[in-house]
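Structure first, commentary second.
The values are calculated or read from the model by the stated rules, or taken from the named source; none is laboratory data. It should be emphasised that the depicted structure is a prediction, and the values quoted were computed from it without experimental measurement. All Cβ positions, even for glycine, are placed from backbone atoms using ideal geometry, and neighbour counts span all protein chains on display.
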Amino acid sequence: MSRQHLGPLVAEPRISVSIPCRNEQGFIGACLRSIIAADRSGMHVRVFVCDGMSDDGTRQEIAPLLALNSFISLIENPQRTTPIAMNLGLRAVPCDVGIILGAHAEVAPDFFKTNIAALRSAAEAGCAGGVIESIYTDPTSRAIGAAMAHPFGVGGAHFRTGRKSGFVDTVAFGAYRSEVFERVGWFDEMLTRNQDDEFNFRVTEAGFRILLDPAIRSRYVVRASFNKLWRQYYQYGYWKVYVNRKHRSVTTGRQLVPAAWIAFLALGGALALFFPWARWFFFGGIAAYVLAALVAGLSATRAVDLPRVLRAFVTLHAAYGLGYWAGIFRFVLRGASPARSSETLSR
């Protein structure tokens, strides 16, 4: 694989921001207001809210903002899926840089400036992104956010932990040079989940690099439900196997850890029923996990939040691991397509 080296960006780049959206009342307005308030001087920014036929008041919330800001447009997304929405916004008009943004996100005042500066800082950077700061709505969301911002919870997802800058394998809310889309195509519209990870895998395989710059700042409203967190990460694990089958490759090593932990619990528990030596191995492994979770939980948040943070750790690992094994059974062993029920998204 040869490294791609891109020419310099034009002096006043055209930037397209694609925002997948469905039933985001109470969030999409704050997202758009943060974009309106951001410094957009020296560039031409267009924003496309790609709405999946919202019926909760989302459209009424954004209507006044659209009327007062001509650079923001609404695009219909009758298929109601995230990757189709991403592509609709990116393809709407020609651009030099395409940015994917979540409807629950709010960008910093210098968001566009820092993205462009990062892309200009490295000729091999086909994509740039930053670190996400969590917005909490209650103690549950605070605990979930703390777990998702710690390496024990999410491994090497540096855009969440903020513990690394430089070239990485993926970022959230990436800003992509147009040359990337010309070479690798668009987001895979078959993927209900993991479409950004899969796209970033293709980006790096094509020889581009992904730059994580902590100066690029955005905030994101953390979900406030353990049940929704479970469904989200179960889907992440499930769809990751589909991505692996598509590329005939394990795209990142960290994705195997939760599945390995589930396998240890199942196999170790079964062996422990019959063999005394296996009980020491099994309960020792559980004790090591609990100890690691306690240490991570205490470093991630106040001690008063520790029970919720531990629950979040267990939810992240168990949901992803079980989803991964469900994906192996369906996609690898059975050779089947995704179940229709797995296409339902949850926040």
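Residue 200 meets all of the listed conditions (1) part of a loop (DSSP other than H, G, I, E, B); (2) under 22 Å from residue 2 (Cα atoms) but one, namely (1). Does residue 257 satisfy the criteria of being assigned to a helix (DSSP H, G or I), surrounded by fewer than 17 Cβ atoms within 10 Å (Cβ to Cβ) and more than 16 Å from the chain's Cα centre (by Cα)? Criteria met by residue 257. When 129, 145 are checked against the criterion of being surrounded by 18 or more Cβ atoms within 10 Å (Cβ to Cβ), in the same structural domain as residue 46 (by TED's automatic domain parsing) and farther than 24 Å from residue 258 by Cα, 129 stands alone in meeting it. All conditions in (1) farther than 30 Å from residue 301 by Cβ; (2) buried (at least 16 other Cβ atoms within 10 Å of the Cβ); (3) modelled with pLDDT of 95 or more hold for residue 114, with the sole exception of (1). Quickly run through region 112-130 and pick out the residues that are out of contact with any Lys or Arg (no Cβ under 7 Å at 6 or more places or on another chain) and within 22 Å of residue 21 (Cα to Cα). Passing the criteria: only 129. Here is the figure for region 217-242: residues that are of a type in the set (A, V, I, L, M) and either more than 15 Å from the chain's Cα centre (by Cα) or in a loop (DSSP other than H, G, I, E, B) (or both) total 3. One residue alone among 50, 95, 21 is within 22 Å of residue 196 (Cβ to Cβ) and in contact with an Asp or Glu (Cβ under 7 Å, 6 or more places away or on another chain), and that residue is 21.
Being within 21 Å of residue 96 (Cβ to Cβ), small (Gly, Ala, Ser) and either touching a His at 6+ places or on another chain (Cβ under 7 Å) or surrounded by fewer than 16 Cβ atoms within 10 Å (Cβ to Cβ) (or both) holds for only one residue in 73, 16, and it is 73. Taken over region 123-135, the residue count meeting the criterion of being more than 14 Å from residue 204 (Cβ to Cβ) and over 16 Å from the mean Cα position of the chain (by Cα) is 1.
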